[in-house]
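To start, the structure itself, in structure tokens.
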Amino acid sequence: MEEINHPNQIPYHLIMDEMEGEISVADLQELENWKAADPAHLRSYQEILDIADHAELLTVYREADPELAWQKFKPSIPEEVKIVPLHSEKKSGLFFLKWAVAIVVVISGALLLANQSGWIGSQTISTGKNERQKLNLPDGTEIFMNANTTISYHKSGFLKARNVELEEGEAYFNVIHDEENPFSIKVGDLNVNDLGTSFNLKVEPKQVVVVVNSGKVSLEKAKDTILLSAQDRGTFNRETKQMSFAKNNDLNYRAWHDKTLHYEKASLSEVADDMKELFGTHIIFQDAALKERTLSAYFKDKTEAEIMNSIAETLRLKVTKRGGTFVLSN
């Protein structure tokens, strides 16, 4: 790894490795530290990405073939349309039209190519089943992605417009607040706007749920707006398009992120739901009445086996593991 010897030295080698998708974990961390050290570093980083955008387009443009582009475009011109030369020289209006078509074709192709390669347009990050990932945005904002989650954003222009789209799944956001450049998340018809905060955002089949951990968040749908404060829970009904809010009563809304479970007289049925979401654990109650037994407990960074054994000991139950299933009985 080549070190950055001077604080103002631009680490071109790290930026190029990142753009080519060949940067190591250690080098990526070094690059993130450099960007976070000084706002001027972020601006230099953005300028380099912008230059890369234009260089990509220029490369494609220089390889343009106006005659080939014209031959592809010509069949789409109606027969009754007549091309009138602008000058009597051989390089008539047809000549310039061919180049105009070539430029359109080149730009369209270049934009498509750039979008696919992540230079322009959306960059999409997805997690699979039982996979979680941390995403560091160019402004220093952290996004912790739960399993089966897809997020997209414009990498090259992000510092100019901090917009993110949560297409599906669940994520926890630690947003770097900037009053002059707001942070906004699009979820279908709903916009979730940061007002200096950390929060959990979950897309469910019938609703979108936002729980604010600190700071404030606004939910916007058309002309309607709801302001949420710390420990508020906002809900957007995806069928009726209605928004509502209340105080959050779910102590474990971000258990998947911080590996913490906290219960105050919670039913074992509720505990089983949390265990399934956090670990994929399947719990069978030998007696249906056990589902209504209540538990008060606190678990931090515990394995599913440790939690199940603690539940059994606290409530004087028996726990048996059969394959990937836990059985609770009297």
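The values are calculated or read from the model by the stated rules, or taken from the named source; none is laboratory data. Not measured: the values here are computed from a predicted model. Cβ: placed from backbone, ideal geometry, glycine included. Neighbour counts: every protein chain shown.
Annotations
- Matching entry among Asp232, Asp224 (being in contact with a strand residue (DSSP E or B) (Cβ under 9 Å, 6 or more places away or on another chain) and surrounded by 14 or more Cβ atoms within 10 Å (Cβ to Cβ)): Asp232
- Total residues in segment 273-324, condition loosely packed, with under 13 Cβ neighbours inside 10 Å, under 14 Å from Leu261 (Cα atoms) and among the polar types (S, T, N, Q): 2
- Tally, over segment 131-149, of residues that are part of a strand (DSSP E or B) and within 12 Å of His257 (Cα to Cα): 5
So that you can scan it fast, the table gives a plain yes or no per residue for (1) at pLDDT 95 or above; (2) surrounded by 15 or more Cβ atoms within 10 Å (Cβ to Cβ); (3) among the basic types (Lys, Arg):
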position	(1), (2), (3)
Leu111	no, yes, no
Leu137	no, yes, no
His154	no, yes, no
Lys160	no, no, yes
Ile185	yes, yes, no
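- Selection of first residues in segment 21-37 that are touching a residue at least 24 places away in the same chain (Cβ under 8 Å) and surrounded by fewer than 15 Cβ atoms within 10 Å (Cβ to Cβ) and of second residues that are outside any helix (DSSP H, G or I) and hydrophobic (A, V, I, L, M, F, W, C), restricted to Cβ pairs under 8 Å at least 6 apart or on distinct chains, gives the following pairs, ordered by first then second residue: Ala26/Met1.
- Of the criteria (1) on the phi > 0 side of the Ramachandran plot; (2) exposed (fewer than 14 other Cβ atoms within 10 Å of the Cβ); (3) touching a Leu at 6+ places or on another chain (Cβ under 8 Å), which one Gly215 fails: (2)
- Residue pairs meeting the criteria (Cβ under 6 Å; at least 6 apart or on separate chains; first farther than 14 Å from Pro182 by Cα, in segment 137-166; second of a type in the set (Phe, Trp, Tyr) and at pLDDT 95 or above): Ile143/Phe173; Phe144/Tyr172
- All strands (runs of 3 or more DSSP E) inside segment 243-330 with 1 or more residues being farther than 26 Å from Lys206 by Cα and free of Cβ contacts under 8 Å to residues at least 40 places away in the same chain: 260-267, 294-300, 318-322
- Test: residue in segment 228-240 that is closer than 23 Å to Phe158 by Cα, modelled with pLDDT under 95 and in a loop (DSSP other than H, G, I, E, B): no
Let's see how each residue does on (1) among the basic types (Lys, Arg); (2) at positive phi; (3) at pLDDT 80 or above; (4) not in a helix (DSSP H, G or I):
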residue	(1), (2), (3), (4)
His13	no, no, yes, no
Met16	no, no, yes, no
Asp27	no, no, yes, no
Glu30	no, no, yes, no
Lys35	yes, no, yes, no
Leu42	no, no, yes, no
His54	no, no, no, no
